[in-house]
Structures are given as C-alpha cells and as structure tokens.
1. Quickly run through the range 205-239 and pick out the residues that are touching a Pro at 6+ places or on another chain (Cβ under 6 Å) and either hydroxyl-bearing (Ser, Thr, Tyr) or not in a strand (DSSP E or B) (or both).
2. Quick check on the range 118-134: of everything there that is charged (D, E, K, R) and more than 15 Å from Arg168 (Cβ to Cβ), which residue is surrounded by the most Cβ atoms within 10 Å (Cβ to Cβ)?
3. Residues to consider are Val154, Val144; find the one that is crowded, with 19+ Cβ neighbours inside 10 Å, assigned to a helix (DSSP H, G or I) and either out of contact with any helix residue (DSSP H, G or I) (no Cβ under 9 Å at 6 or more places or on another chain) or of a type in the set (Val, Ile, Thr) (or both).
4. Only one of these conditions is not met by Ala260: (1) free of Cβ contacts under 8 Å to residues at least 24 places away in the same chain; (2) under 26 Å from Arg346 (Cα atoms). Which number is it?
5. For the range 53-77: of the residues being among the hydrophobic types (A, V, I, L, M, F, W, C) and crowded, with 21+ Cβ neighbours inside 10 Å, which is nearest to Arg177 (Cα to Cα)?
6. Select from the range 114-141 the residues that are hydrophobic (A, V, I, L, M, F, W, C), within 18 Å of Ser43 (Cβ to Cβ) and assigned to a loop (DSSP other than H, G, I, E, B) and list them in ascending order.
7. Could you please let me know if Glu546 is of a type in the set (Asp, Glu), more than 27 Å from Gly327 (Cβ to Cβ) and at pLDDT 80 or above?
8. If you take the residues in the range 312-360 that are more than 13 Å from the chain's Cα centre (by Cα) and among the basic types (Lys, Arg), which one is surrounded by the fewest Cβ atoms within 10 Å (Cβ to Cβ)?
Amino acid sequence: MSIALYRKYRPATFGEVRGQDHVTEPLRQALRSGRINHAYLFSGPRGCGKTTSARILARSLNCAEGPTPDPCGTCDSCVALAPDGGGSIDVIEIDAASHGGVDDARDLRERAFFSPVSSRYKIYIIDEAHMVTREGFNALLKLVEEPPPHLKFVFATTEPEKVIGTIRSRTHHYPFRLIPPSTLRELMEDLLQQEDVPYDPAALPLVVRAGAGSARDTLSVLDQLIAGSDEGGITREGAVSLLGYTDSSLLGEMVDALGARDGAAVFGLIDRVVEGGHDPRRFATDLLERFRDLVVLSAVPDALDKGLVNVAPEAAEQMRAQASRLGSAELTRAADIVNQGLTEMRGATAPRLVLELMCARVLLPSTDGERGPALLARLEQLERRVSSGAVAPPVAPAPTVSAPVAQPSPAAPSEPVRAQAAPAPAVRPDPAPAPRSQPSPAENRSEPAGWDVPARRSAAPAPGAAPGGALDLGRVQGAWNQILEAVKGLRRFTWMVLTGSDVRPVGVEGNTVLLAFARPNDAKGFGNSGSDQVVATAIQQVLGVEVRIAAAGGGTAAPARRPEPVRPAEPSGWDVAAPQPTRPAPAEPRPEPAPAQPLAR
C-alpha cells in the first residue's frame, strides 16, 4: 500500500522546509542561542507547514543533543517524533475543532503540571487553535501566562485574529506564507525524480496553479496525476482533463474572436464550452487568467523569459502576437469586464447567460458605463489601423482660394470673402499705404459698386468648411485656431487652460470630440469646471455642429500635430514677389467726382 506523497516526504528538519525561510531561520537561531519561549503561535494558509514545523520544533527541543536546530535523528525522541515515527507520550497534539471547549481546557490544565515521562519538555501542539472557545481560552490563560518550566505550547491556526488577544500577546507569533510557484515546481521535480516517474514539464504549471501555494494540496494533486498515469508518465493533456482547466487553444480562439469583434465566433465558442461539459465559471476564470497574462506580456515583452507568465511553449508565440495586436487599453478593459462578470456569476442560476452577456460587453465598448475606457479602446484600435495602413490618417482640409478683393480688412485678414458673379473692375495701382494706428475717415466711406465685403463675425468658420455637415477629426483640427478664438470670447479661463497645456483634439467618435491632456487631474478638472460645455459651444459657433466634449489624460493618446497656419490667398493680379502689392491698370478710368459747389452765404 502506497503512502501519500505529502506524508511520505514530510520534512523532518527545519532545513527541509521549503519556502518558509522567514520562519525557520529565526527558530533555528533561537534554538542555537537557547532563547526559547514558552509559547508559540504559528499562523498561515492551509498546507504551508505550520503543524510540520511545530513537530520539528518539538523534536529539536527533546533531542538528546538538544535543544538544537539540527536534531540527530537517532535518539529515542528523534525516532519517535520522525515523520514515520509512532509519536511520543510527552508531545500531545490536540485538535481544537473537537476539543476546544472549557471542559477540555480544564482537563489539559490539570494534566499539564505533571512532569514529562522520558523527555526534556512536555509540549502541547494545539491545531486549529481558532476553534477554541472564549471560555476555553480563558481557562488556559493563567497556564499559558505562567507555565511550569517543563511545559511548552505551540498554537497552529489559519485565522490568528480569532485567537483572543490575551493569549496572542503571550506568544511568539510566526506568520507562514503561501509557497512561491517556482519553489513548488522545484519540489515536484525533485519528488518525481525520486519516484522515477516521467513527466511533461508543461503539466507542472497546471499542478502549481491547482495547489494555489499550498505544498500539501500541490502534492495531493501530483499524487493523483501519478496514480492515473500510464507508462508515459504525467502529460499536459491528462492534467487539463483531470483538473478541469480550459484548453489553451480554446482560450486563444476566444481572445482572437473578441479582439476581431467576431460575435458569431464568440458565441459559437461559448456553445462549445457548455456542450463539452465545462463549467462556465471555470471557463471565465481561465479567460481572466489569460487576459492577465496578455496584459503582462503587453507591458513586459520578455515576461516569458523572466518567469512572470507560465504558459505552454506552443502558446507563447500566439500570446505575444495577441498582446501586440490588441494593446494594453483593450486588454485591461476586457479583464475588468470579465472580473466583474465573475463576481456576478457567484450564486447565479444561469451562469451561461452571464458568460454570454459578459462577452457581449467586451464586444461592444460603447455599451460600457464608463465613457473614458470605451473611447480609449476605440482610439487605440484606430491608431493601430492607421499604423498598419488600413485607414488613411486624417489630414487638415485644403484652403479654398477666394476671389480677388480690394484692400482686405485689416481687422480680420484671414476671413474668407464671397466670390463675385461678374469680374471685378480693374483699378489703378495705388501706392503702398503708410502704416497708421487708427483707421482714416476715408475707410468708413461706402465701397464702390461691384465690391463685396463680408460682414464681420465674432467667430469665423474654418477655411474651406461650410457650417454643418459631417464631423471628422481633420475638420476639427483644421478649425482649431478659430475654435480657440471663439473660446476666448466666451470664457477666458477655458482659453487659458487649453493654450497653457497645449490641448489638442485627438479623436472624433460620432458627435463626441476627444481632447488629450498631459495629466489625468487636468482632464478631470476640465470637465468638472464646465469648460467642456464652453468648447462645445465654440465648435457649434465655428463649424455649426452640435458636439459633446470628452477629456482624457495621462498620455493615453498622443496629441495631434499642430496644423500649419493657412496663408490667406492672394488675389489674382497681385504681384506677391514685389516689395509692395500692385494692382493692374484699370480697363476704364473711374469717373472723376464732380467739383464741389460753393455754399451760398
């Protein structure tokens, strides 16, 4: 009859305990220096070595050569307290789950004053100490506080906060921790070599994951895989089938389908999962684990080499391609949705329905309650499509050349003018006007017939763009300077924020314009101060389109390149190379004004 691995390979000394050096080294030093306390409290998750360390401590205290950090292993006490020994009458293990009442505590107190039979110390190991009732702890309080010289206590518990403070304050508390995956993998490799069992290295990460940091649970799973393996040993396929994990290829197909927004493939895979007898909760957990690995790969390209991600070698290249193709924003958002869906699955009567709704939310970013993550995910998709050449990058609209005008208004030199139906009459070239600060009275006279001068407006539209119509990023960027001038007229504080931080429009989603800020706090304060409404009003004045403004910060999107200033078109017939503009000679001379009649006195 075979013995379970966790019993067969139970550590016999502190040096054999794996992954708990922060506990074993101080205990070894205390035994070496002789500074031994009368009561200890070992706490930590299940299967991490609490009870085993308590037995090793009792063995070290009662060794014929002790107290010593390294028991000899040959004396009667060491043989009796060995992992396969029969036990010692002076070392009493009590399960508090069934002996935690006040009567059990009184019985222990009466027998504790008797001296040990054949050992140096009488040691009580109280397992599951949190199950002792308050009355039982109170009955032990005086004994734990002032025990006889031959008496030692070791309390082991997974919930130290349930041990009353008066007991806990009289002990040396050593918290045990979960064992790291790398340490568990080394332990399994050593045991498999000793057992002479062949194994597939890709199966060990699945066993480590099932063990969840517990040495006892990990060895129990490994023992089950060994018992069910044939001459070929432990295989990854056998581990996946036995442990109920989702196959890596199925997870890869699901990630590809979600990234491609292929709803038919996504819901077809869910049907395969359910029809194959897999638990939707387990599938969602495995999918969340895969998204976590992809997020790490996106942030750390060499995560596989550093051991941050443990996957099968055949899935490594596929995951690298998925991480680079999807991007951090989309992967993080998908992981958040799956994590939220897992929370909703607890206690759900229709887990398949929750899984399908979860995947539907990943497929449609616009349905997310938070507008910012959805816009960032879509913006990241657009940037990837532009970089791959699938979509042409937005460009500023070309300026429209207007008809020639005579003497453009100095107040608004860049304002467009309306083209004339008939050709403008030619005029004589005038000498260059002398610079002056104030307009002369002659400028206020009416213009000659045939000249068409536009009326001045507070906010001029973008060059070449008529009010209304479809809204795109190029149109907003081309009119950004005019929009800023309109904002300045509406609210100077908002204009100072936009120009001081060099804020730029970086995306357009429907009727929503996304503005990029350098810091997240600036973006949040921009919306809270009502400045987004000011910018929306300015865009409506300039472009004639009703929009909404969304602000994003933290470098989530690169600011768009500042468009080049558009020079006003020169009227035909002007000589731009000459130092001063000249007009061609008029075809017909202008009539001279009639001489003024003398006023009657």
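1. Hit for the range 205-239 is Val208, nothing else.
2. Lys122
3. Going through Val154, Val144 in turn, the sole match is Val144.
4. The one condition Ala260 does not meet is (2).
5. Ala54
6. Selection gives Val132 alone.
7. For Glu546, the condition - of a type in the set (Asp, Glu), more than 27 Å from Gly327 (Cβ to Cβ) and at pLDDT 80 or above - is met.
8. Arg346
The values are calculated or read from the model by the stated rules, or taken from the named source; none is laboratory data. Keep in mind that this is a model prediction, so the values were computed, not measured. Glycine gets a Cβ as well: all are built from the backbone with ideal geometry, and neighbour counts include every protein chain shown.
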